[in-house]
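What follows is calculated from the coordinates using simple rules that are stated; it is not laboratory data. Every value quoted in this text rests on a predicted model; they were computed, and no experiment measured them. No Cβ is skipped: glycine too gets one built from the backbone with ideal geometry, and neighbour counts run over all protein chains shown.
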Amino acid sequence: MQSVFDRRRINGPEDSSAPIFADEHQKSLTPDLYKDRHNRSVSDIRPIFLQPGLISQANGSAYIETDRTKIACSVYGPRQSKNTAYNEKASEGPTSEDRSIAVAIQQALLSSVRLEHFPKSTIDIFLVIIEADGIEGCVASGSIAASTALADAGIDMYGLVTSCTAGKISGLIQHKKSFSMFRRM
Amino acid sequence: MDTVLSSATPSATDVNSFLSAAEKEALKAATFQRLHPQIYLERFLEEKIRPDGRSIADDENEDTHAWRNVEVNVGSITTTSGSALVRLGNTTVVCGVKAEICEPELDNSDEGFLVPNVDLPALCSPKFKTGPPTEEAQVLSERLNEVLGNGMIPLSSLCIYPGKSAWVLYVDATVINYDGNVFDAALLAMVCALKNVSLPHAEFNPELNRTICTRPKSDSSKPARKLIIEEDLVPLSFSFGVFAGSYLLPDPTASEESLLDTTISIILNTRARILALSQLGTGVDKSEAPGQGVADISHTREADTLARCISLAKKRQAVIMKKVYDT
């Protein structure tokens with residue numbers, strides 16, 4: 001990891017890298033090996049823990065854990081939009097550094113919220129990914145958490161959003177994959 | 001109060017008809033807190049109680065019900081070398097330690113690095129927005145850096161090969177829920193995360209000029225190791241707020257924090273000896289005793305306050321030690 005000098009943070013050495021391990025070689029995962037290692041078969045999804053209301057400071061919040069993906073989500077809003085003169089509908093603003101995940105989650109949620117009930121307002125949805133097991137897993141778990149947080153906040157919605165990822169390894173379809181599997185596709 | 005409510009919101013009567021009597025009272029109280037936060041807090045403190053039900057630390061009442069419940073959970077984040085999640089009441093901080101390899105500095109060629117940082121994301125409180133670290137985050141990071149850099153982790157223990165290779169520990173704390181006293185929670189999270197760290201066995205190969213690590217379970221002759229920690233220098237922080245120059249509030253919540261004029265932090269080690277003290281603000285009200293050698297009285301009152309904080313902190317430290325060392 002190349003650390004750029006950021007005067008707003010405590011900085012470490014100019015240059016550091018992740019440790020390199022002697023044994024990087026790993027066996028390719030067949031469905032049987034997958035079942036042994038992950039304790040579930042190829043077509044099962046990972047067990048989910050979803051809890052709303054853990055963040056007391058937010059209007060609505062949710063925390064989701066799917067095996068090794070842990071995401072906390074909080075919703076603030078509807079808040080007054082500062083920079084829109086006249087806006088017929090509310091805008092949902094997911095602002096984050098990782099725009100690809102944010103945009104994907106926004107697309108998933110946009111049609112479920114009754115934005116016409118919140119003129120000139122913004123509904124802010126913030127996600128913190130505490131532990132990630134693959135980008136697609138983050139998008140899926142993040143959408144579920146965000147939808148639950150919106151419901152916890154009492155925002156008018158048409159329904160809840162659920163999401164799942166699936167991938168193919170050697171012609172077989174597998175659900176809710178983990179990062180180590182994606183590397184071998 | 002009723003006229004304020006009914007004139008401001010013409011449809012209040014419609015909303016109120018759906019609420020029970022208890023809910024209406026709660027709504028009035030919440031509105032009052034929003035409009036007059038200072039008076040709201042004063043009314044509680046006059047009855048010797050705080051809005052969340054805890055006691056204040058006055059002379060008769062030096063028990064530990066003035067502090068919020070602490071919960072600590074370590075080792076749940078597998079992508080880190082060590083991690084901890086700490087809850088101080090509602091304040092929630094998660095901390096992860098990432099161990100990376102780097103070259104040591106020229107003038108400290110046998111030392112590694114410890115880099116703590118606190119992140120206050122927009123998620124944790126309505127007062128934060130997205131963007132670069134705010135002043136508050138920077139101040140927190142700096143204070144934590146000073147406290148942790150005290151020698152708790154001897155930097156020489158992070159050296160792999162003098163002059164060539166050393167460990168750098170990035171200790172990153174993220175606040176998930178900001179309900180006051182983030183400094184105490186973040187410090188506890190960092191300390192617990194560091195205690196949880198497991199470094200893989202690392203060997204520097206001078207011919208290849210590279211450091212090679214061994215995965216923990218793959219070779220039993222090269223096991224992973226825990227960090228070397230100087231137990232006498234492990235810091236634990238206990239913070240207090242002073243409200244209106246007279247009330248001492250241990251472990252303030254977010255709503256109390258915004259009304260405090262002074263914050264006092266006492267940092268103790270595992271044997272309840274003082275490692276550091278900090279006071280931000282004037283402390284006790286000096287205007288209490290006019291004419292009669294004001295300076296002397298205020299000095300004794302200030303010293304009293306500080307002494308009280310120290311004794312309360314020591315009492316609380318015993319409770320925290322059980323939590324930290326039993327996890």
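Mean residue ellipticity at 222 nm, helices only, chain B: -10000 deg cm²/dmol; runs of at least 4 DSSP H residues each add -39,500 (n - 2.57), and the sum is divided by the number of residues. Just checking the listed ones, B:220, B:109, B:156: in the Gaussian network model of chain B with Cα springs under 10 Å, the one fluctuating most is B:220.
Return the distance in nm (one decimal) between the two label points of a simple spin-label model at residue A:45 and residue A:114, each offset 7 Å from Cα along Cα→Cβ. So the two model labels end up 2.6 nm from each other. Taking amide H atoms as placed 1.01 Å from N in the peptide plane, the amide H of residue A:21 lies under 5 Å from those of B:213, each 5 or more residues away in sequence or on another chain.
Counting only other chain Cβ atoms within 10 Å of each residue's Cβ, the peptide A:122-132 averages 4.
Each part reduced to its alpha carbon centroid, segment B:97-142 and segment B:143-201 end up 10 Å apart.
The label point for residue B:319 and the one for residue B:258, both projected 7 Å from the Cα toward the Cβ, are 2.7 nm apart. Backbone phi angles across segment B:102-112, fed through the Karplus curve with coefficients 6.51, -1.76 and 1.60 (θ = phi - 60°), yield HN-Hα couplings of 8, 8, x, 5, 5, 8, 10, 6, 10, 10, x Hz in residue order; Gly and Pro are listed as x.
For residue B:90, no residue whose modelled amide H falls within less than 5 Å of its own remains once neighbours fewer than 5 places apart on the same chain are excluded.
By how many degrees, between 0 and 90 and to the nearest 10, does the Cα long axis of helix B:37-46 differ from the longest principal axis of chain B? For helix B:37-46, the angle is close to 80 degrees. Full extension of the segment from residue B:134 to residue B:280, taken as 0.36 nm per residue of separation minus the current Cα-Cα distance, would add 50.7 nm. Note that segment A:68-75 has calculated 3J(HN,Hα) couplings of 9, 9, 10, 10, 10, 10, 9, 10 Hz, one per residue in order, obtained from phi through the Karplus relation 6.51 cos²θ - 1.76 cosθ + 1.60 (θ = phi - 60°); glycine and proline are x. The calculated FRET efficiency for the pair residue B:109 and residue B:311, based on their C-beta separation and a Förster distance of 51 Å, comes to about 0.70.
Placing a label point 7 Å from the Cα of residue B:215 along the Cα-to-Cβ line, the residues of segment B:73-88 whose backbone N sits under 15 Å from it are B:79.
Rounded to 0.05, the FRET efficiency of the residue A:163 and residue A:23 pair, given R0 = 35 Å and the Cβ-Cβ distance, is 0.50. With the simple model of a label 7 Å out from the Cα in the direction of the Cβ, residue B:150 to residue B:205 spans 4.2 nm.
Between amide H atoms placed 1.01 Å from N, distances below 5 Å from residue B:245 occur with B:261, all of them 5 or more places distant or on a separate chain. Computed packing ranks the peptides B:277-284, B:243-250 as B:243-250, B:277-284, most packed first, by mean other Cβ atoms within 10 Å. Segment A:104-163 and segment B:27-43 have Cα centres separated by 33 Å.
Which of the GluC sites (Glu not before Pro) found in segment B:205-280 are in a DSSP loop and have at most 14 neighbouring Cβ atoms, other than their own, within 10 Å? The qualifying sites are B:207, B:230.
Taking packing as the residue-averaged number of other Cβ atoms within 10 angstrom, the listed peptides B:258-266, A:66-74 run from highest to lowest as A:66-74, B:258-266. Against chain B, whose longest principal axis is taken from its Cα atoms, helix B:294-325 shows a tilt of about 60°. Available extension along the chain between residue B:272 and residue B:228 is 13.8 nm, counting 0.36 nm per residue and deducting the alpha carbon span. Principal-axis analysis of the Cα atoms of chain B puts helix B:21-35 at an angle of about 70° to the longest axis. Computed from backbone phi with θ = phi - 60° and the Karplus coefficients 6.51, -1.76 and 1.60, the 3J(HN,Hα) list for segment B:134-151 is 6, 4, 5, 5, 5, 5, 4, 4, 5, 4, 5, 4, 5, 6, 6, x, 5, x Hz; x is used for glycine and proline. Counting Cβ atoms of other protein chains within 10 Å of each Cβ in B:95-105 and taking the mean gives 3.
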